[in-house]
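Down below is the structure, laid out as structure tokens.
Throughout, read-outs are computed from the coordinates displayed, never taken from laboratory work. These numbers were taken from a predicted model, which means no experiment stands behind them. Here the Cβ positions follow ideal geometry from the backbone for every residue, glycine too, while neighbour counts run over all protein chains shown.
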Amino acid sequence: MARQEWEDEYRKILQAFLRGRGEDQLYLGQQLSKWLRAHHVAPEEIVDFHVRALAETVELPELVKDSFQLLTEVMIEYGIAFREYRSLRSRQQQLESEIEVAATMQQTLLPRTSPQFDQVEIGLISVPAKQMSGDYYNFAKHDDQVFSVALADIIGKGIPAALCMSMIKYAMDSFLDQRITPAAMLGRLNGVVERNIEPGMFITMFYGMYDTCLHRFRYAVAGHEPGFWYRASKGRLYDLESRGLVLGVTPDVDYQEYEIDIEPGDLLILMTDGVTERKVGGRFLQRENIADLIQAEIGSPAQQIAENLYRKLLLLSNLELPDDHTMIVIRRVV
């Protein structure tokens, strides 16, 4: 519909309304309004044409003509604001489209499956609080006996977090072939992060290696949320030791390495702080509360433990997810 066409249509609707003041004309006016907005016709143009179309139909008193002049001036400012809003909306839609693409690309950085071993179960759940996640996890099978697990929390969200995630992934990939220790892996990643991220950003990380023949787990931590270790023979949970500076603060950091032997029925529960930072009744959950929830799931398969804990925590926090939630459960079956 060209300008002349919408003017003719408006004139026809106006004249019919003035003759009969029917509901049909009001409905047609609403439909025309939608078209005018969709084609970005400025408000002052509509007012100006309304005055001219009205003058063709009836004799307008001078006071009415003068009032329309004022209305036109008012609509000019309104039109400027309207065009600014339209421009901002267009930019927002473009940004949303870019974020959607980035979120899709972010998913390609995460492993689709976890390593499979006869004597070990691995459960995983990772749910972003928003469209893009600041949590990163990875598994790598080094040979038929050893696999590694990484869990990181990038402080921040959106596209900067996705860029950091890609940096961590490809840096890790370049080091995996060297079969370095968990402490050495964090040391090298710290150097990469420190050189490449903006000041004020940092990354917490947990990195461990599981020997499925010896059932020995070695790990190191860079400021990450402490995990849990369930010792089946004692029927109790222990906090995994977790001392270590976050990645990216200073270039040279020596990370401490820990080692535990995994017995039949033992569990390792690794998580980001989105698991623990939940409010229930106005207060944050304590680790003791999380431990109680884990204890109730001990007899379940690893994947079921991860999923059940997520559902229970979501219900406790009134279905609110204030931060990204990622949990990895490793269970020795026999």
- prompt: For residue 64 and residue 311 in the same chain, what is the full-extension length gain: residue separation times 0.36 nm, less their Cα-Cα distance, in nm?
  reply: 82.4 nm
- line: Among GluC sites (Glu not before Pro) in segment 57-99, those in a DSSP loop whose Cβ has at most 11 other Cβ atoms within 10 Å are 59
field: Listed residue (223, 253, 123) projecting farthest to the positive dipole end of the chain, Cβ model
entry: 123
statement: Listed by chain and number, the residues whose amide H is under 5 Å from that of residue 238, excluding neighbours fewer than 5 places away on the same chain and using placed H, are 229, 230, 231
- request: Only Cα pairs under 8 Å and at least 6 apart count here; give the relative contact order of segment 109-332 as a rounded whole percent.
  value: 26 percent
- prompt: What are the radius of gyration and Dmax of segment 179-334, computed over its Cα atoms and given in Å?
  reply: 16.6, 47
message: Counting only other residues whose beta carbon sits under 11 Å from that of residue 232, what net charge do I get with K and R as +1, D and E as -1?
response: +3
field: For the chain, average projected area of the Cα convex hull in nm²
entry: 25.5 nm²
task: Treating only the Cβ atoms of Lys and Arg (+1) and Asp and Glu (-1) as charged, compute the dipole magnitude of segment 143-244 about its Cα centre; round to the nearest 20 debye.
output: 280 debye
message: Can you compute the charge dipole magnitude of the chain about its Cα centre, using +1 on each Lys and Arg Cβ and -1 on each Asp and Glu Cβ, nothing else charged? Give it in debye, rounded to the nearest 20.
response: 480 debye
query: Using 0.36 nm per residue, how much length does the chain from residue 195 to residue 236 gain when fully extended, once their Cα-Cα distance is taken away?
result: 10.6 nm
- prompt: For residue 249, what is the net charge nearby, where nearby means another residue's Cβ is under 14 Å from its Cβ and Lys, Arg count +1, Asp, Glu -1?
  reply: -3
field: Spacing of the two label points (7 Å from each Cα toward its C-beta) at residue 166 and residue 284, in nm
entry: 3.3 nm
message: Can you work out the Karplus-derived ³J(HN,Hα) for every residue in segment 248-265? Use 6.51 cos²θ - 1.76 cosθ + 1.60 with θ = phi - 60°, whole Hz, and x for glycine or proline.
response: x, 7, 9, x, 10, 10, 9, 8, 7, 10, 10, 9, 9, 9, 9, 8, x, x
statement: FRET efficiency for residue 144 and residue 93 from the Cβ-Cβ distance with R0 = 56 Å, rounded to 0.05, comes out at 0.65
field: Dipole axis of the chain (+1 Lys, Arg; -1 Asp, Glu on Cβ), positive-most option in 13, 170, 321
entry: 321
message: Based only on other Cβ atoms within 10 Å, what is the fewest-to-most ordering of 90, 148?
response: 90, 148
Cα-based convex hull, segment 3-102, per residue volume (Å³, whole number): 107 Å³
- prompt: Normalised by the residues of segment 202-334, what does the relative contact order come to in percent, with Cα pairs under 8 Å and at least six apart?
  reply: 25 percent
- prompt: If you bin every alpha carbon distance in segment 146-262 into 10 Å steps from zero, what whole percent lands in each bin?
  reply: 14, 45, 30, 10, 1
Value of relative contact order over segment 3-102, rounded to a whole percent, pairs C-alpha under 8 Å and six or more apart: 27 percent
message: From the phi angles alone, apply the Karplus equation (6.51, -1.76, 1.60; θ = phi - 60°) to segment 106-120 and give each ³J(HN,Hα) in whole Hz, x where the residue is Gly or Pro.
response: 4, 5, 6, 7, 9, x, 7, 9, 10, x, 10, 9, 5, 9, 9
message: As I understand it, the dipole of segment 1-86 uses +1 on the Cβ of Lys and Arg and -1 on the Cβ of Asp and Glu, about the Cα centre. Which of 75, 30, 4 lies farthest toward its positive end?
response: 30
message: Please give me the summed charge of the neighbours of residue 143: other residues whose Cβ is under 14 Å from its Cβ, Lys and Arg +1, Asp and Glu -1.
response: -1
query: Taking amide hydrogens as modeled 1.01 Å from N in the peptide plane, which residues meet the under 5 Å criterion relative to residue 135, leaving out close sequence neighbours?
result: 154
